[in-house]
Structures are given as structure tokens and as C-alpha cells.
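These notes are about the structure you will find just below.
The values are calculated or read from the model by the stated rules, or taken from the named source; none is laboratory data. Only a predicted model underlies this, so the values are computations on that prediction, with no experimental measurement involved. Don't worry about glycine lacking a Cβ; one is built from the backbone with ideal geometry, like all the others, and counts go over all protein chains shown.
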Amino acid sequence: MFALSVWAQAEVVPGEYIVKFKASSGAAVAQTKLSGKASLKSSFPGMGMYHVNMKGENEKANFDALKADPEVEYIEPNFVQRKSEVEPNEPVEALSYDEVVAAGASTSPTVYSQSSAPTGIESAWTQVLSLSSYNHKVVVAVIDTGLDRYHDVFKPVASGGTGALWINQAEANGQPGVDDDQNGYVDDINGWNFINNTNNFVDDDNHGTHVAGIVVGTGQNIFARPLSESKIQIMPLKFLGGSGSGSTSNAIRAIYYAVNNGARVINNSWGGPSYSRALHDAITYAYDNKVLVLSAAGNLGSNNDSTPMYPSNYDVPSNLSVASTSSYDELSSFSNYGASTVNLGSPGEWIESTIPGNKTMKMSGTSMATPFVSGVAALAFREAPGLSGYQMKNLIIGTSTAVNRLYGRVSSGARVDAATLIAASKTMVSTMSSQPSYKPSYQADRSVASEGAGGAAGGCGLVKAVTQNGPGSGQGGNMPGAAPIGVIVGLLLVPMIVWQVLRARAPQSRRKHERFKMSSEIRVSVGERELVGSVQTISEGGLSFNTDQALEKGGIVTMRIQSPDGHEVIEVQGQVVWNEANQAYGVQFANAKQGTLAMIRDWTSGLMKT
């Protein structure tokens, strides 16, 4: 089998590639260029992207010809993706409803039985709007191994289920065998199987049904009887087969389908070590359409900062990477982590949830941690429907609960807090959608990390900067001076403003970025010390502040920065510097992402220059 050396370690579908033509090329040009070199398997309308098969003796020559073609933006293999579930060391018993209740699961509608982690989910239930008062169901696309539509939990309400299965009304009310909504899929009434190109998304692995049960379970106790009508709809999109693996091309098709058919949240409990420009484009497409994407960090116990996992590692501003934590808020031993690239923790150990055959089972993995965040995000979207996926990501992070054991392991140093998130979202019911512009910065072709590569034994040594009241200060937090939930949006993170520190003694005329005045308190945790000071200025490159306490010059900190209006949050890493001319400490940003810089430019548009 032909394989370029840069992809030699990658797991790929033999002979298959994804080709993207430049925007100026057009479909006719693309078809001409592919003719005689590749057979078309599928295309992505409007994106100039094609999934092709070039397997054969001329595979290398045809690949080289397309790669060198000036009309081609990129060509890459069709990488293999895998579910992010931890295989147990010993068999785990599948239980019926009666058996799981006998084993200790509560049937009370006010008790959450899927995990004992202190996420505040039961308190969140008392705050969410009922369906009768706000008849809106948020759609969560579960891109996975499929779903058992006949499980009690997913059956229609009239049959005793939650009615959680998404319904494409145009197809449901249309003619059989006709693409009634003209979306390219015939009779896609409840979802789609991208492996066989049918509307039969049967789950032949357990994984997808388990993930979907966790999402629905964030809104009610799925072990209670009778079941309540779900406030969330599950859009099952099958691209992983019975072995738990699937192709990147089908994952991309599923993402485009989810976005184009109304999903507000996409759950990706899968991944792989191979960077794909095409998948990066798909996640960017979700961002452009204001969809929140949740991606599992992976289960190799490695550091994603140094050994990336995708789609978790894509820097798309609405892509939230999730690590797994235990019931005691410790990072799971199997979970990947990353002080820069993994956003927060969520319970992912021994989570009881649905599997095919009307049964339940305990599973562990970042696959289980991710759908919990997806579910509470969907509940939050019901309360604040105007938010973009980017805004919701920042709200989730900003309302998470600080956990000492997660400092230096995930960028927020925190675990998701459902109660605080819902309380904050209820204050943002009238908030309008906004997000910064974002253009992917593609990685160059490179060697692919081995799937078996382990991460570093510890975190990468970054010091977390947090305010007195955040992140989270909700249930289980240990930061002093926790703020009342009602003011979580305004006080959770004291506004920290961004500034490019001037080079020592450099004249004003040589500033790289314009500075703006801002007065705000800042709290920076350095080891066991907390430095309290005041922000002086802001620009695109860093921040400066005064404090009576000493900082170590050259140290690295990661800051959580809230916008002046309190509605947006960014995370940025920087190096501590001392500005002799201003007699002030500063933090100079290190490799700030383009989306972050765009948001800073937006913030400073209404501030006074210095």
C-alpha cells in the first residue's frame, strides 16, 4: 500500500483521500482534474472538498499529480478515527432496568444516579425551564456508533419513553422514498448511517447508545419510572462501526449534516492522533454557524500539549476539549490532559447509562465525560438561546468549579458545574449572539504521532491564574470568597484586560500594538501564593499590572480573561515580565491564537488609548 513517509505511522483507509480544491476552481474544474486519477465516493457541496478512491498501481503517481496541481488546496489520506472509551480489564455486566435499580440506582425523579461526582446536576434541574413554560428542545448531534431507538429511554413519550429522538419533520410528514427537505438524504427521519448511507443507524457497538443516555440523563433521572419528556433531542449520526472505528470522511459528512439540520451541540466522543485539514475545516464550519463542539481529550493518559489528539486539539474557538475525572474530582488515570489544549474536566469513570437491548452498563472514558458537558450545554442553551457556541463554551468554562488536582492538567483547572452554568445562563436570556472571526491556520504536513505514545508523567508546569471567585466557585470549589450564583456572570471572573508589554525603554513611536487604559482588579495564583494587583493597560499582546508582591520574571502563567462587558471569556498563556520604565509587572502573550487576538481587537474598540 502506498503511504507517504509523513503519514507512515497513521492509520488510514487504504487508497482513500480527501481532496480540497481552491475556491476559484469550481466543480467542473475539480471533476476534470479528478478524471482518470480517482473515483469519486462523496463530495461536500460548497466546500470544494471531495472524498475519492485512488487505490491501484498508479496511486502514488496520481497522488503526486494532484498534490502538485495549482488548483488543489490540499490532499490528505482518509484517516481512521476511534471511540474514546476505556476497555475494562474484566467483563462489566449489562443490567436490565429492574437489575440496575436493585443494584442501587435511585428511581426518584429528583436524584441523579449515573455518577456521584459533585457536579450540581440535581440543583440545576430545579432551575431549568419546564417544557410547558418554554417549549424548546435543543438538538445534540451524537456522532458515534448509532443508537438503539427502541430502548425505553429513547422511545416516544406515548410509548413510555422520553421522546428524546430527534425528528426531521419535513421527512416524517413527507413521502417515503423522497428527499422531501432536499438535503441530499432520503427519509432521514431521525438521523443517518454514513457507513451504509441509510437511515438505519442501529448501534452495533453499545458506545453511541451509552453516550446518548448520558446526554439525556443530564436533564432527568433515566432510571426513574415513569420517564419525563426530554428537554433535549438526540440526533444520532453513525460513522463508527461495530469495531468502534470509522473514517474521517464520514465524520466530516456527519458534522456537516448536524450543522445543516439544526444541531446546536455536536458531541465527538472519538478521535485520533492524525491532524486532518479537512476535519479542521469541518469543525470551523460548525464554528461559523455558531454550533458548540464538544470533543473527548482521549484515553492514553498522555499530554495533548505535546502529543495531540484530534478533533480535541483543534484551536477552533467553539471546540471544547474534555478530560475525565473521578467522583472525587481527580483526573482519571487513563485520561489525556493538557494545560493548554484540554479545557476542563467532567465525570467519566464508571458511568451507568443505556446500551442496546433495553439494558444499562457502566463504562469509563473521556467518551463518557464529554456527553455530560454536551447535555448541560443543551440545557443552558434552552435558558439562553441567543448565545453562540463560542459564547457557550466560555460560559461553561467560566462557571466551572476550581479543583486543585486539575491545576496544570487542564487549562481551566476546573470541573464542569451544572448548577452554576444554568444559573448563569438564566441571566443571559436576552444576550445576543457574538463571536470573533476565525480562519484556520493549517499545520504543515508532518510526521504523525504514534497512537501508543505516552504523555509526560506530569503536567507541563504551567501556573494557573484564577480570580478569587473563579473559575466556578460553585459546588465543590475550594477557592475563598465564593460569589453568590446570581452574580456569577459579572463577578465570577474579575475583568482581566490584555496588553502587549512595551520593550524596555522603547519609545512610544515604536509600539507594536496600540495600548488602551483600563482599571480592574487582577488576581494571579503562583504556586501557593495569590498576587493581587490592578490592571493598567490593554492591547493585543499582553497586559500590565501593579502589585506590591513579587513575581518571578520569566515565569509562565495561563490567564482567564473576561471582556469589559462580562459576556465573553478567553484563555491565553504568557510569560511574566517586568517593565522598568513603567515600574509594573506584565504578561507577554506567547503565540496567542488568531481567534484570541481578534476578540481582543473587538474589546479595545471602545476603550481610550494611552
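Here's the yes/no breakdown for (1) touching a Ser or Thr at 6+ places or on another chain (Cβ under 8 Å); (2) among the small types (Gly, Ala, Ser):
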position: 196; (1), (2): no, no
position: 210; (1), (2): yes, no
position: 213; (1), (2): yes, yes
position: 217; (1), (2): yes, yes
position: 226; (1), (2): no, no
position: 256; (1), (2): no, no
position: 281; (1), (2): no, no
position: 286; (1), (2): yes, yes
position: 290; (1), (2): yes, no
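For residue 121, the criteria (1) closer than 27 Å to residue 308 by Cβ; (2) crowded, with 18+ Cβ neighbours inside 10 Å; (3) touching a Phe, Trp or Tyr at 6+ places or on another chain (Cβ under 8 Å) hold in every case but one, which is (1).
Per-residue answers, yes or no, for (1) free of Cβ contacts under 8 Å to residues at least 12 places away in the same chain; (2) crowded, with 19+ Cβ neighbours inside 10 Å; (3) of a type outside the set (S, T, N, Q); (4) part of a strand (DSSP E or B):
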| residue | (1), (2), (3), (4) |
| --- | --- |
| 209 | no, yes, no, no |
| 223 | no, yes, yes, no |
| 229 | no, no, yes, no |
| 237 | no, yes, yes, yes |
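From the list 326, 353, 346, the lone residue that is polar (S, T, N, Q), in contact (Cβ under 8 Å) with a residue 60 or more places away in the chain, touching an Asp or Glu at 6+ places or on another chain (Cβ under 6 Å) and closer than 27 Å to residue 219 by Cα is 326. Inspection of the range 42-59 finds no residue satisfying the criterion of being among the aromatic types (Phe, Trp, Tyr) and closer than 30 Å to residue 363 by Cβ. Residue 212 fails exactly one of the following numbered conditions: (1) farther than 29 Å from residue 360 by Cβ; (2) of a type in the set (Gly, Ala, Ser); (3) in contact with a Pro (Cβ under 8 Å, 6 or more places away or on another chain). What is the number of that condition? Here residue 212 meets the rest and fails (1). Taking into account only those residues within the range 253-273 that are under 16 Å from residue 369 (Cβ atoms) and among the small types (Gly, Ala, Ser), which is surrounded by the most Cβ atoms within 10 Å (Cβ to Cβ)? Checking each candidate, the answer is 269.
To keep it simple, each residue is scored yes or no on (1) touching a strand residue (DSSP E or B) at 6+ places or on another chain (Cβ under 6 Å); (2) within 30 Å of residue 120 (Cβ to Cβ); (3) at pLDDT below 95.
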| residue | (1), (2), (3) |
| --- | --- |
| 168 | no, no, no |
| 178 | no, no, no |
| 182 | no, no, yes |
| 188 | no, no, no |
| 212 | yes, yes, no |
| 218 | no, yes, no |
| 221 | no, yes, no |
| 234 | yes, yes, no |
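Quick one: which residue in 321, 353 is assigned by TED's automatic domain parsing to the domain that holds residue 266, under 14 Å from the mean Cα position of the chain (by Cα) and buried (at least 24 other Cβ atoms within 10 Å of the Cβ)? Being assigned by TED's automatic domain parsing to the domain that holds residue 266, under 14 Å from the mean Cα position of the chain (by Cα) and buried (at least 24 other Cβ atoms within 10 Å of the Cβ) holds for just one of 321, 353, which is 321. When residues in the range 280-307 are screened for being under 24 Å from residue 256 (Cβ atoms) and assigned to a loop (DSSP other than H, G, I, E, B), 5 of them pass. Candidates 390, 314: the one that is under 23 Å from residue 244 (Cβ atoms) and hydroxyl-bearing (Ser, Thr, Tyr) is 314.
Strands (runs of 3 or more DSSP E) fully within the range 308-399 that include at least 3 residues being not small (Gly, Ala, Ser): 319-325, 351-355, 359-363. I'm trying to understand the selection: among the residues of the range 150-162, which are buried (at least 21 other Cβ atoms within 10 Å of the Cβ) and of a type outside the set (Val, Ile, Thr)? Correct list: 151, 154, 161. For residue 241, indicate whether it is surrounded by 21 or more Cβ atoms within 10 Å (Cβ to Cβ), among the small types (Gly, Ala, Ser) and at negative phi. Spelling it out, it is not the case that residue 241 is surrounded by 21 or more Cβ atoms within 10 Å (Cβ to Cβ), among the small types (Gly, Ala, Ser) and at negative phi.
Look at residue 363 and say whether it is assigned by TED's automatic domain parsing to the domain that holds residue 290 and among the aliphatic types (A, V, I, L, M). It is true that residue 363 is assigned by TED's automatic domain parsing to the domain that holds residue 290 and among the aliphatic types (A, V, I, L, M).
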